[in-house]
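Asker: Below is the structure I would like to discuss, written out as C-alpha cells.
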C-alpha cells in the first residue's frame, strides 16, 4: 500500500513495453518493505505524540504542571501501548519476511546453476486473479519442476547444514 503511494506516478509510464522478469523473492521483498515502512510510520507517529505530550506539559498554563503532565500522560498512554504492541507485531513480520526473502534468494541462486544444463528458470510467477505465486519454475528436457520455498530459522546450537 505504501509502496504504490510512494513510488506511483500516474503522469508517466515506463519506457519499456513489458515488465522485466521477477527476481527470486520479489513478492516477499515487497511485503518486507511494506512492513518496514509501516513500522517506521508507527514509530514516528508515536514519537510525535510523545513529544507533543511533553510540549503540552511544559508550556501549558491552565493547570499546574504536575496535573497537566498526568492528564496528558494518561491521554498518551493508549498511543504508546498501541505502538509497543503494533511495533512488536511488525518486527516479528519483518523478521519472518526477511528470512523468507533470503531463503528464496538462496534457492533461486542454486537453481540458476541448472541453466548450464539447458533449463530455463523463472522466479516468482504471480497469478493476479487467484492471488498466489509460484516461487520457482525450471523447464527443461526432463520436464517442468515447480519449487515452493519455505525457510525456517534454526536454533543457534545443533545441526549445521554447512551454510553460515
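What follows is calculated from the coordinates using simple rules that are stated; it is not laboratory data. Here the structure is a predicted model, which is why all the values come from computation and not from measurement. Note: ideal-geometry Cβ built from the backbone for every residue, glycine included; neighbour counts use all protein chains shown.
Asker: What distance in nm separates the simple spin-label points at residue 106 and residue 11, each placed 7 Å from Cα in the Cβ direction?
Answerer: 4.6 nm
Asker: For residue 113 and residue 156 in one chain, what is 0.36 nm times their gap in residues minus the Cα-Cα distance, to one decimal in nm?
Answerer: Values: separation 43, 0.36 × 43 = 15.48 nm, distance 2.93 nm.
Full-extension gain reported as 12.5 nm.
Asker: According to the square roots a ≥ b ≥ c of the eigenvalues of the Cα gyration tensor, what is the shape class of the range 79-164, taking rounded for a/c under 1.5, prolate for a/b larger than b/c otherwise, and oblate for the remainder?
Answerer: Judged from the Cα gyration tensor, the range 79-164 comes out oblate (a/c at least 1.5, b/c at or above a/b).
Asker: Right, here's the next one. Label points 7 Å out from Cα along the Cβ direction at residue 21 and residue 86: separation in nm?
Answerer: Once both label points are built, they end up 4.1 nm from each other.
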